[in-house]
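**Q** Structure incoming, see below.
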Amino acid sequence: MSSKHDKLRGAKPVNRWVNVFTRLFVEPVVRQVFRLKAVNPEIIPHTGAGIIVANHVNLFDPPWIYSVLSRPVHFVATEELFRKTILGAALRSVGVFPIRKAAQDSQSVKNIIKLLRREEVLVGIYPEGNRSWDGTNSPIIPTIARVIRRMRVSVYSCRVEGGYLHFPRWSRKIRPIPIRLVFNKLYDGDSLPDSDEKIITDIAAAIRIRDYQLTLPEAKRRVSGLALGINRILYRCPHCHSLESLRAVEQKSTNRVECRSCYSTWEVDLGSRLTPVDDHGAASGEPRTVAQLYQQIKAVPLNPIHSSLNELEEGEQLYLVSRPHFLYRERSYPELRIFGFGRAFLTDRRFVFQGWSTRRGRVRVSATLEEIQSLSVEPGDKLHFTYRKVLYRIPFHRESAVKWYDFLSQLIERRKAAISAKA
């Protein structure tokens, strides 16, 4: 069992013939379609071990970086992509290997060490650990600094500019925005800083996202569908703060989103800014970025709700009830199986799932908040977490997974603080 697990989660060298095919036929197409412009790529040497750190803002930024360099890059990618056999095999053939998001994944660290020591290759790492939802940076994972200081190889940075606005994580529409990749050298292997804090600070400055500050080219034609999917991240109305009330306005060509509770309307532009508009479509306020509005709704206090669908313990408060969804469970990677179909409930003490399975009958999971680990939102709207070393996944197709992530994160921190205070 362990050998199978290690094989599935291990790293392989780039297949030589796949690399040749990619360079000859795929790379020119990628560069032209995405209008890639590379700044200072010659700073990356043709040989020797090295680490490239980059901001992760788009599904396509690994092939972008791969396409503008003269040598292969072994990227770390979410293990979710490797659950599909064909896609997993294709990714492994170009040197990509899996990592479990928001977790202390020792196997991925071993893969990085193995590649840098034995193969002397370039390893691409996204030190924030996840793709940006709102076009701003997340904190750097501290483990990155420890790996860099342990390996003592050259470290380079790649700042992807325009990648977030090109295809925001919440969006269902690609925008005609050119991509710029800016490369820099951070350290030589023999001149690394002595402190992890210095490395983290330098990496954060090198990959800071600047998309909202870019001057965008004028579109040759009107782009439609810019408001589609914005309720994935703006799960509250910025005006009345009601949950799950935003919907894209038909016709989609209007690029407008409307609140079904207070009927406030905004128009979304290419720069992922929302401008309030009146009934006649005229601007009625100043535009604000998705990041500004997202931070505003995250600051709204969590209020308990009432529901007869779940019994609470004495003094327990309920905060969220989901629509019916499937719950998947994985005891060993990558054997993800349907556990049941039902509703999720979030209280100030537990995450509860109650449902039904054709094999098991009634099913129930009651995970205390302090025991929930590896909380993340994977590609799309799939909420992942581990509870007692078992992975659970809920695909939220008709409501925001980001909402559940934010509520869970806040309540987990509140719960841990309450337990610490009692101790």
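**Q** By the scheme Lys and Arg +1, Asp and Glu -1, what is the net charge of all other residues having a beta-carbon under 13 Å from that of PRO72?
**A** Values: positive: LYS12, ARG16, ARG23, ARG71, ARG92; negative: GLU27, GLU119, GLU120.
With Lys, Arg at +1 and Asp, Glu at -1, the neighbours total +2.
**Q** Apply the Karplus parameterisation 6.51 cos²θ - 1.76 cosθ + 1.60, with θ equal to phi minus 60°, to every residue of the range 324-329 and state each ³J(HN,Hα) to the nearest whole Hz, in sequence, with x for glycine and proline.
**A** Here the 3J(HN,Hα) series is x, 9, 7, 10, 9, 9 Hz.
**Q** Let me ask something else. I'd like the FRET efficiency for GLU42 and GLN251, computed as 1/(1 + (r/R0)^6) with the beta carbon distance as r and R0 of 35 Å, rounded to 0.05.
**A** Step by step, r from the Cβ atoms, then E = 0.15.
**Q** What do you get for GluC sites (Glu not before Pro) in the range 60-133 restricted to DSSP loop and a cutoff of at most 15 other Cβ within 10 Å of the site's Cβ?
**A** GLU120
**Q** Over every pair of different alpha-carbon atoms in the range 230-298, take the mean of 1/r and invert it; report that Kirkwood radius in Å.
**A** 11.8 Å
**Q** Once Rh for the chain is found with the Kirkwood sum over Cα pairs, what is the Stokes-Einstein diffusion coefficient at 25 °C and 0.890 mPa s, in µm²/s? Please list the in-between numbers first.
**A** Numbers: Rh = 23.3 Å.
Here the translational diffusion coefficient equals 105 µm²/s.
**Q** Once Rh is set to the Kirkwood radius over Cα pairs, what Stokes-Einstein translational diffusion coefficient, in µm²/s, holds for the range 2-213 at a temperature of 10 °C and a viscosity of 1.306 mPa s?
**A** 91 µm²/s
**Q** Could you calculate the contour length gain from ARG364 to THR215, that is, 0.36 nm times the residue separation minus the distance between their Cα atoms, to one decimal place in nm? If you can, show how the numbers build up before the last one.
**A** Details: separation 149, 0.36 × 149 = 53.64 nm, distance 5.15 nm.
Taking ARG364 through THR215 to full extension adds about 48.5 nm, to one decimal.
**Q** Please label the shape of the range 364-419 as rounded, prolate or oblate, based on the square roots a ≥ b ≥ c of the eigenvalues of the alpha-carbon gyration tensor (a/c under 1.5 means rounded; beyond that, a/b larger than b/c means prolate, else oblate).
**A** Oblate, since a/c reaches 1.5 and b/c is not below a/b.
**Q** Still on this structure: So if R0 is 22 Å, what FRET efficiency would SER308 and GLN373 give, r being the distance between their Cβ atoms, rounded to the nearest 0.05?
**A** Details: r = 31 Å, r/R0 = 1.40.
So, using R0 = 22 Å, E works out to roughly 0.10.
**Q** Pairing rule first: another cysteine's C-beta must sit under 4.7 Å. Under that rule, which cysteines of the chain stay single?
**A** CYS158
**Q** Pull up the DSSP beta bridges for the chain and report the antiparallel fraction as a percent, rounded to 5.
**A** 75 percent
**Q** Run the numbers on the range 2-213 and let me know its relative contact order in percent, using alpha-carbon pairs under 8 Å that are six or more apart.
**A** 28 percent
**Q** Another question, then. Using DSSP to define loop residues, name the GluC sites (Glu not before Pro) in the range 158-234 whose beta-carbon has at most 12 other beta-carbon atoms within 10 Å. Can you show the working numbers first?
**A** Details: sites: GLU161, GLU197, GLU218; in loops: GLU218.
Filter output for the range 158-234: GLU218.
**Q** Here's a follow-up. For the range 204-231 and the range 256-327, compute the distance between their C-alpha centroids and round to whole Å.
**A** Their Cα centres are 21 Å away from one another.
**Q** For the pair ALA418/HIS241, report the inter-label distance in nm, with labels modelled 7 Å from Cα in the Cβ direction.
**A** About 2.0 nm separates the two model spin labels.
**Q** Assuming 0.36 nm per residue, please report the length gained on full extension of the stretch ARG16 to THR201 beyond their Cα-Cα distance. Kindly include the intermediate steps, with their values, before the conclusion.
**A** On the way: separation 185, 0.36 × 185 = 66.60 nm, distance 3.65 nm.
Length gained between ARG16 and THR201: 62.9 nm.
**Q** Quick one: if the Förster radius is 35 Å, what FRET efficiency do TYR319 and SER284 give, using the C-beta to C-beta distance and rounding to 0.05?
**A** 0.60
Coordinate-derived values only; no laboratory data. The structure presented is a predicted model; accordingly, all values stated were derived computationally and were not measured. Every residue, glycine as well, gets a Cβ built from its backbone with ideal geometry; the counts of neighbours run over all protein chains shown.
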